[in-house]
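Only the coordinates and a few stated rules stand behind these numbers; no lab work does. None of these values were measured; they are calculated from a predicted model. Heads up, the Cβs are rebuilt from the backbone with ideal geometry, glycines too, and the neighbour counts pull from every protein chain shown.
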Amino acid sequence: MNLEFIEALEQLGKEKGISKDILIEAIEAALISGYKRNFHSAQNVRVDIDRQTGRVRVFARKTVVDEVVDPRLEISLDAALEINQAYQLGDIVEIEVTPADFGRIAAQTAKQVVTQRIREAERSIIYQDFVDREEDVVTGIVQRSDSRYYFVDLGRIEAMLPFTETMPNERFKHGDRVKVYITKVEKSTKGPQIFVSRTHPGLLRRLFELEVPEIFDGIVEIRSIAREAGSRSKVAVYSNDPNVDPVGACVGHRGVRVQTVVNELKGEKIDIVRWSDDISEWIANSLSPSTVISVTILEDEKTARVVVPDHQLSLAIGKEGQNARLAAKLTSWKIDIKSESETRDAEVM
């Protein structure tokens, strides 16, 4: 190896984001094994690569002892003093034992080590980059699919989007651009594995953060989300500024902000409701768009009995009970909905 090799390592390190010193240390460690294997040596050796010139040298490391038992690992005090008068018992003496043709072995080993370390370093960098982005939204391009996953190109790695994490009737083809939510980043023998989702409530949260500056700035908070992906969601919002309407901020002028999110989610309906620390008001809001006449709270059962106008009963319950179900998920309360006439009849009885 020579100066050109060192310069090449330095350039490679800059391109791949790997320190030249880390690469050289890895090559030195591999050359120790290479030396012992090729020269059938059981010596304790150290390999040194000059960081400036690339020159490779091998040193046998021997312990200074009174009486030598194993000359491969030990050196007598008299012999050590001939090398340097400062040596004492127990010190380590290094003696150069570089073989004549070691340069050829060094070059072959270096190539293998650099290739392996670059691969490992790239995997480590990618893992670190993405593990810090768990619970974030990224945009990728669908590359292919198998029987269980879509594989989404995120630039330096492919993420796995399980079919079970896609919305109903959602199908992707090669080249489709898609926003996905990173649910999990794992290490494996083949490198980092990134799992993403289109159905996770976190996707909805992040999309609103991207579209609504007031959420990004912390003025408006998303307090709760209930989602049935691809069909309908409810988002509860709260404003830390009394002058800012949290629902209006999320809807945007003429509904442009919420519509952008709806479009990204292929038409999923989104109800934005105002969160309140008053439980009755909070539960009434959660049943939007229906009107609520009254809410009775049963704390022990964590149940809310809600009365709505007769003509709003079906709206409050929703198709196949969806509106009531989402409201219950959003508030974490069991909600019992009755019409005004049902309540009146029950009272008469």
Could you pull out the pairs from Lys16/Lys179; Lys36/Lys62; Lys14/Lys111; Lys16/Lys36; Lys234/Lys338 whose alpha carbons sit more than 19 Å apart here? Lys16/Lys179; Lys16/Lys36; Lys234/Lys338
Ellipticity estimate at 222 nm from DSSP helix runs (n ≥ 4, -39,500 (n - 2.57)) divided over the chain, nearest 500: -11500 deg cm²/dmol
Within the chain: Cβ-based charge dipole about Cα centre, in debye rounded to nearest 20 (Lys, Arg +1; Asp, Glu -1): 1480
Debye intensity ratio I(q)/I(0), log10, the chain, q values 0.12 Å⁻¹ (C-alpha model): -0.94
Taking a straight Cα-to-Cα line shorter than 12 Å from Lys302, and setting aside same-chain aspartates and glutamates fewer than 8 residues away, one finds Asp336
Expressed in angstrom and rounded, the centroid-to-centroid distance over alpha carbons for region 54-108 and region 264-305 is 80
Under 25 °C and 0.890 mPa s, how fast does region 278-349 diffuse according to Stokes-Einstein, given a Kirkwood radius computed over C-alpha pairs? Answer in µm²/s, whole number. 204
Whole-Å semi-axes of region 135-197's equivalent ellipsoid, largest first, each the root of 5 times a Cα gyration tensor eigenvalue? 17, 12, 12
Going through the DSSP H helices of the chain, which span 18 Å or more along their own axis at the Cα atoms while scoring at least -0.5 as a mean Kyte-Doolittle hydropathy? 3-16, 20-38, 102-131
Mind checking Rg over Rh on region 81-227, alpha carbons, Kirkwood formula for Rh? 1.32
Given +1 on the Cβ of Lys and Arg, -1 on the Cβ of Asp and Glu, and no further charges, what dipole in debye does region 135-197 carry about its Cα centre, rounded to the nearest 20? 160
